[in-house]
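Worksheet: one structure, shown below.
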Amino acid sequence: MEQEKDAVKPAWWKRAGRRFVRELPWLLLAVAAYWVATSRQTPEVEIGSVPQPFQAQVIGGGVIDTVELRGKPLLLVFWAPWCKVCATEMPLINDLQASFGKDANVLGVGLSGPRADMEEFVRNHEPGFPNVYGDQDIAARFGIRAFPTMVLLDGDGAVRERLVGITTPWRIRWEVSRLTGNEAE
């Protein structure tokens, strides 16, 4: 009876079955490698946590220490020079920063690209707030996996909100005004 079933199967089917058995260990190895690689991805920063402050070189010169920005809310804007959404949002963030006045700080953090590309991005978009060269350590502290990502810290440096992708100016304004107690103009 078993031989009759084998006789009915086409030859290509038998070859495919043998090939599958031969390739199965490699497939399992690839799946395991993918699982290990993705399980070590940067975890998201938790709301309420206080990430370690950082110092970074300002694009255009100087150094900023985020400890010096404590005392009022800080909106960290993580961007990449190749990110079209980041480029689109930059004028909106400029307007928001102007409306916050002295109630909140904004700091741009350029990631994922050569320094020359980051410098060109800043030159082209003329942000009204400082931008720094970021690195993998800073990205890991804040769980950055996509661009743009905005992280809002309160005056004590605790994470109060994390916004990934396209964000409306109204949402950002509302989040900042919750921390300042003042409605942005």
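The values are calculated or read from the model by the stated rules, or taken from the named source; none is laboratory data. The structure displayed is predicted, hence computed values, not measured ones. Note: ideal-geometry Cβ built from the backbone for every residue, glycine included; neighbour counts use all protein chains shown. Calculation scope for accessible area: heavy atoms of the full protein, side chains included, ligands and nucleic acids excluded. Shrake-Rupley method; radii C 1.70, N 1.55, O 1.52, S 1.80 Å.
Candidates are the residues of the stretch 113-136 that are part of a helix (DSSP H, G or I) and open to solvent by less than 20 Å² (accessible area, probe 1.4 Å); the one that is farthest from V45 (Cα to Cα) is F121. Here T167 meets each of (1) at pLDDT below 90; (2) open to solvent by 50 Å² or more (accessible area, probe 1.4 Å) with one exception, condition (2). Applying the set (1) without any contact (Cβ under 8 Å) to a residue 40 or more places away in the chain; (2) open to solvent by less than 10 Å² (accessible area, probe 1.4 Å); (3) of a type outside the set (A, V, I, L, M) to R178 leaves exactly one unmet item: (2). Summed over the stretch 82-112, residues that are assigned to a loop (DSSP other than H, G, I, E, B) and open to solvent by less than 30 Å² (accessible area, probe 1.4 Å) total 3.
Of all residue pairs spaced 6 or more apart or on separate chains, those with beta-carbon atoms under 6 Å, a first member in the stretch 89-109 that is under 11 Å from M150 (Cβ atoms) and a second member that is open to solvent by less than 10 Å² (accessible area, probe 1.4 Å) and part of a helix (DSSP H, G or I) are L96/I172. Annotation: of all residues in the stretch 51-71 being of a type in the set (D, E, K, R) and out of contact with any strand residue (DSSP E or B) (no Cβ under 6 Å at 6 or more places or on another chain), the one that is surrounded by the fewest Cβ atoms within 10 Å (Cβ to Cβ) is E68. Tell me, which residue of the stretch 137-158 that is in contact with a Pro (Cβ under 7 Å, 6 or more places away or on another chain) and not in a loop (DSSP other than H, G, I, E, B) is surrounded by the fewest Cβ atoms within 10 Å (Cβ to Cβ)? Out of the qualifying residues, it is R141. Based on this model, can you work out whether R162 counts as under 20 Å from Q57 (Cβ atoms), touching a residue at least 60 places away in the same chain (Cβ under 8 Å) and crowded, with 16+ Cβ neighbours inside 10 Å? For R162, the condition - under 20 Å from Q57 (Cβ atoms), touching a residue at least 60 places away in the same chain (Cβ under 8 Å) and crowded, with 16+ Cβ neighbours inside 10 Å - is not met.
Could you tell me whether A146 is free of Cβ contacts under 8 Å to residues at least 40 places away in the same chain and of a type in the set (A, V, I, L, M, F, W, C)? Criteria met by A146.
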